[in-house]
Structure formats: C-alpha cells, structure tokens
Amino acid sequence: MTSPKWLGPAVIVVGVLGALWAWWLERPPEPLPVDAPGESFSAERARILLEKIAVRPHMPGSAEHARVREFLVRELEDLGFDVEIQEATVVLPRGRVIRSATVRNILARKHGTSSSGGVAIASHYDTRQLAPGAGDDGSGVAATLEAVRALSSGEPLRNDLYIVITDAEELGLIGARAFVNEHPWWPEISILLSLEARGSAGQSAMIETNAENGWVIREFARADPHPSGSSLYYEIYQRLPNDTDFSIYKRAGVSGLNFAIAEGADVYHRTTDSIENLSLASLQHHGEHALAMGRHFGNLDLTVGTTAPDVVFFRFAGLGLIVYSRGWVTLFSVFALIFAALVAYEGSVKRRLTVGGVCMGLMMAIAAAVLAAGLAQLMLMLVRGAHHELGSVVGRALYNEGWYVLAVVCITVGSVATAFGLSRRWFGAASLASGALLVPLALAITTSWYAPGVSMLFVWPVVFAIGATRQLLARAENKPFDGADLAIFGVLGTPVVLILTPPVWAIYIGLNISVAPVIAVAVTTMLVLLIPLFELATQANRWWLVSGAFGFAIAFTVVGMIDGRPGPGRPIPNDLLYVLDRESGEAAWATMEAEPGAWLSEFVDDEATTANLSSFLAGNLRSYRVSAAPAVNAPRAQSTIVSDVIDGGVRSLRLAVSSMLGPEQMNISPASESPVLLRAINGVVVQQGADDWLLQHFGRPPNGTLVLDLTTEDLSAPLELVLVEFLMRLPPVPGVNLERPAGVVAHGGRLTDASLFRQVVSFE
C-alpha cells in the first residue's frame, strides 16, 4: 500500500498557503479617507499635505527647499506650535575631504498640561538631487503633520510634544548632529519617534531602537494598533554601518523607535520617488505609529525612567508583538537542546537513527544551500546580462523584482528536493531530518549566547522541527502517509513558515535581488526544517517536485525579464553635465554613458573626447565623454579679505566668498603651491592638519557668504583657491531643448543635470 498521489500536491498547497498567510499578516493597514474622524489618522489627508511637499526635488540651499520649509513652518504654526528655525554650520572632516553644510532645522514645541518629559516626532525634509522625496522623507513629514493634527483634535497631552524636522540628512545626518549638539531643546526630550523611508511600499517597520530597550518595546507592543518589527533588526543595526538620523539620537542617549517604509526600493533616491508611486497603505501605517505612540507616550509618566534591559521581540501570526526578556533566551535554547537530545536518544534506541544517516542529512542541507546559492547567482547573471540598462536606473535593484524572488524560492525548493531525493535512496527520512537540524540547532545555541535578539529565528522553528522529526520516528517505518499525517506535519510546519518568512522577506527588502544567493541560503535554512513535509510530498514520485520547482523557476525568470523591460513606469536613465571654466571661457557637455542614445547625441556627438573632469571634480577618476558647449553668462563669485594678520611667521587670513548664482554646493581647494591650512568655516573650527584638502559645502550659507579662516607660512606668494559652484540644474541655453523624451530619466546614481562653474580666486 502506498501513499495517495494527491498527498504531494496537497503538501505544496499547504506550504504556499502558509507563506501567503505569513505575507498577508505583514500587510500595512488600509488607508483611511479624507472624511475619517478627526482624532484618527487619514492617509488621504496626509496625501494632500504631501502634494505640497513632494512637488520637486529640494536639496539644501535650493529655492524649492526654502519653499517647502516655509510651508512646513506655516502648517506647524497653524497647529498651535511654537516654531523655530535652527540655522547652523556643521563640519564633518573625513580625511582629505572636509564636508560642511549650512542647515536649517525646523523645530516646534507644544507644552503639555503637566509635563513629565518631552516626546519628539522626527523626520527630515531635504531630498537627494533628483528625487521629489515622496517616500524619503516626505512620507515621514506628511505623516508627522497629520498625526499631530489628530493629536490636537483630542484631549491635550500631559507631556510636552516636540516636532523635529531636520535638514541635510541625505548629506550625512548633518541636521540631526546640529540639533543634538547645539540646540537647548535636545536635553528636554525623553522619547523620540522617527519616521523614515528607503522605498515606497509595504509596512512601516520598526527597524531600530535604543540599547536597554525593554521599557520602550513593551510600551510599543501594548499601545500600537499595528506593531511591527523584530529584535533581529536591532541586532543587525548594531553591527552594520547603516545610519539614519535616529542613529544620532540614540547615540546621544535618547530612548525611542525608528520606523521605516522599505519596500519598493527601485524608487529610492530616484526621480520616481513621487506621490504616484507611494503606497497610501504604507503612509497610513507610518501615521498610525506616530499617532498611537505620540498619544501613548504623551500621557505616560516619563519620570519613572524610559529604559529597561533589552528584550527579544517579534511579530507572530496576528498575535501582535511577542516580547520576552533575554533572561528566558538561555532557558529556551537549553530546552531545544534537551528536546533534540531526547529525540535523538529515542531514535537510536529504536534503531531509526544512524550516524551515517545523520551525517548525510547534514551534508544534504549544506549541499542544498550551495546548489541553491549557485543557481540563484546564475539566474541573477542572466537577468542582468539581458537587462544591463536597468541596474543603472535603480542602483542594484531591478524593476518588478517579485518575479525573481519567486524564481529564487522555486530554485531553493528544487535544490532541497534534489538533495533530499538523492540522499533518501540510502538513508531514512528521520535520520536525514535529524542531520539537517544540526545547523539551525547550532545557530540557535550560538545566537542565544552572542546575539539573543536573533535567537527566536532559530530556537522556535527548531523546536517545531524537532517535534516533526519525533513524529516521523513515532510512525511505523513502512506505513503509508495519509491525510492525518498531512494535518500533523502541517500544524508543526506552519509556525516554521510563519516565523521565518518575514525575516527572509526582510533580507530581500533590505538588500534587494542583488543578494539572490543570500536569499537562497536563507530560504534553504527554512526548508531543511521542513524535511518531514518533503517526505510526504515525494512519497508517490521522488522527482516530480524537483522538475516542477525548477520548471516554475525558469518560468518566473522569463516572465520577470519580459515584465521588467523598459516601458511605461520603467524608464531608462542617462546623465548629462554642463561645465564652464571661467578662466578659459570654455564650456562643455559631459556624460558617462558609453552609448548616449538619440537625445544625448544632441549634446555629446561622435567627435567627443574623453576626460575625467578632475579640474571640476577633484580626485575624480571616472571617464566622461565631452563635447563643446555654448558658454552661458554666469557671473563670477565675489571674494574679499576680511582680515589678514601676520604673527610669528604665520599668515592668518579670513576670507569671504559669495556666490552670485545661489549654488546648492561649493567646492573649494587650494591652488597655491605653498601649503595652506583650513582652520574654520563660518567660525566653526576644522580639525584637520593636511594642506591637500577639499572643502565641500552644502546649502546656502548665512547671507549667501562662506567665511573661511586659513593659515600659511609662505608670506610672499599670493594665495590661490579653486572654487567650483554646483547648480543642481542645467542652464538655459538658447535654442537647446533640455527636456528628456518619454521613457528617459536622469540617472539616479550619478551626478547629473547639474551645472559646474569653475574659477580661481586669488588673494595677494
């Protein structure tokens, strides 16, 4: 008697339904309409605000940046806040390159009825050069405004409420540094909620929190209507160089939560980061976090303290956030180890487990991971080879990546099924399942000691997998499987899928399909915990699952390559620069595109030369195709000596440099052969000692004037500086059409659509 043939397809159906359930549970909430109750958050109302914010790119120093700032100030004032603009110069020395910026943070405060501390909601209003910033971080700003409007519609809060909308986040978290280091309101903040984005869709996940997060996480789990996040993210953020403004805040000692929209990474920092591409459901989730947490923390007694020992937390099966102290982690891991030992003992007594079979199970799991990773990398190479133009559009992401994710999952299923099918010829399923458990069991024990916040990803799936292996051992060896077995193994396998699907998905969201091999290994880790289900699925035919999985992998890859071709909503990028040397009077168009295409060919023709533009872009090694361009009328920057003092053989100069163009960026470097040291920028001391320096200043300085303090020991030679002004737009050239045709956009990963004006500034 054999197992029924329908059992295999039924196993696949159960697995797919489990994965879909896990995905469905991670959906953001439905957006509320404009006429939603006043005390609730409405994504539609937030969208109306966003339509005033994310109109065009607004880099620091641009006219659009100033317009957005004025709009936000008016909105906050209308909501009854006391509003300040913090203007500051911040300097970030980074070896030879000295980055500085003039930031204008928008800060607002509303006093509570009997404050026990301050609650802040933070975001940033600057964007990258080309991005309208609907997601990053217009979504955070609009969600903040709508959330505080809803808060203002209810009972007044007990605690003081602060709104922190920083500047120059995209340039190195500069606005946040200025707020923490220089503004008197910072010490008054007890809890900070940050709203960020690196995409345009999906849930707003809590990706980052502070050390000693037990108190804030438990309050988050208690009060948020749609809590999201995992201690996995906390562990990762401690070990990676990724930073947001919240990184500055938590290093300064504040407790808080950082929420981020992360799916839809193909629009991140791109021209397509527009309102049309932003999910209203994601915006709704963003705002509900801000509203619920603002209301909850706004009425708590914050004098009792906002810290407690770190906890383990994760979202599970619609039950909200599961939270437990790290003291339980060791106990749970020991339980898993004892459970595994008891099952292994039982299997050896029954002679159902063999050393050879367990070792083969371990090798099977490793071989499946290697095979899956290799095939995933091959798929990625084929896709990128067919669509080489797309990688440059969205960085390392591709259009419509969901098809490739499905392909990777199918590749992994096929790889595990192949390894299991070959191994099953000589060894029993129980031995193979036990051996496959050794790696996740080792990871469970290891993470429990060294990364407790990650341990739940291995401990609980392993426990359920051990239970399934125990069920295999309990059955008669040659007894056919039936529907009851499907139910039992399905119940034991479902928690594995529910726990592991979200973090596997998070790996993809965080790193996109460019890490297809990593995704394949992660999925393999999940699937080797489900070997009993593979045993059920392949009883009637060992190889139907292999052929079916790889067949679907090929099909999904082909569909993705067809669906991801350039077309409506999937434009092809190019880059174009205008450069003018005021000393020679010569101008040029420049591009990095090897194949310019029809539109670019109007500027960079077949007779173009090759240059690295190092006179404009100091230290640049990239090659540009360059063709002559008409010289536009661009007034020279003005420079004056404010003071010139010689003392002890050292000449100290204070220079004022004023641009007539209002550039978003000015680069200044010494042109003199004599050593010149940069000592201060707008009165802010520069900690550097090299005379081969490059200053990159972003934003419009106060009164449009950049004040530099310099020293030199050469008292005779004139001082010369090279000044390059960056306008993040192309200049109007009579008779030249600078508008790109449909289906072509500015390159989001390169400096483009900018005008660079170079001159030498001399001081006798």
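Below are the figures for this structure:
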read-out	value
Mean-position separation - Cα centroids, region 658-699 and region 371-387, in angstrom	46 Å
Kirkwood Rh (inverse of mean 1/r, distinct Cα pairs), the chain, angstrom	29.0 Å
DSSP bridge pairs, the chain: antiparallel proportion in percent, nearest 5	70 percent
M592, M59 arranged by Cβ crowding within 10 Å, fewest neighbours leading	M592, M59
Electrostatic dipole magnitude of the chain [Cβ: Lys, Arg +1; Asp, Glu -1; Cα centre; debye, to 20]	3060 debye
Ascending count of other beta-carbon atoms within 10 Å, so fewest first, for T469, T244	T244, T469
Debye, to nearest 20: dipole size of region 131-281, +1 on Lys, Arg Cβ, -1 on Asp, Glu Cβ	360 debye
Peptide ranges 27-34, 524-531 listed from the most packed, as the mean C-beta count within 10 angstrom indicates	524-531, 27-34
Student exercise, region 465-573 dipole from Lys, Arg, Asp, Glu Cβ charges, in Debye to nearest 20	160 debye
Rh (Kirkwood; distinct C-alpha pairs) - region 172-305, Å	15.7 Å
Most positive-pole-ward Cα, A628, S194, G356, against dipole of the chain from beta carbon charges	G356
Stretch in the chain that is longest and holds no trypsin sites (Lys or Arg not before Pro) that DSSP places in a loop and that have at most 12 other beta carbons within 10 Å	6-349
Positive-pole candidate from G318, G294, A262, dipole of region 246-348, charges at beta carbon	G294
Compactness of region 148-193 as Cα Rg over 2.2 N^0.38 Å, two decimals	1.39
Centre separation in Å (Cα based) which lies between region 549-619 and region 312-360	53 Å
The chain, relative contact order [Cα under 8 Å, separation at least 6], %	15 percent
Share of alpha-carbon pairs per 5 Å distance bin for region 661-764, given as whole %	2, 10, 17, 19, 16, 12, 9, 6, 5, 3, 1, 0
Between region 502-533 and region 157-222, the Cα center-to-center distance that results, in Å	30 Å
Theoretical ellipticity at 222 nm over the chain - DSSP helices of four or more residues, -39500 (n - 2.57) apiece, nearest 500	-13000 deg cm²/dmol
Relative contact order (%) - criterion: Cα under 8 Å, at least six apart; region: region 569-668	21 percent
Region 490-631 - percent relative contact order, Cα under 8 Å, separation 6 or more	16 percent
For peptides 359-369, 487-497, 115-125, sequence by mean Cβ density within 10 Å, most packed first	115-125, 359-369, 487-497
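Read the figures in this text as sums done on the coordinates, not as results from a lab. Since this is a predicted model, take the numbers as computed values, not measurements. Cβ: placed from backbone, ideal geometry, glycine included. Neighbour counts: every protein chain shown.
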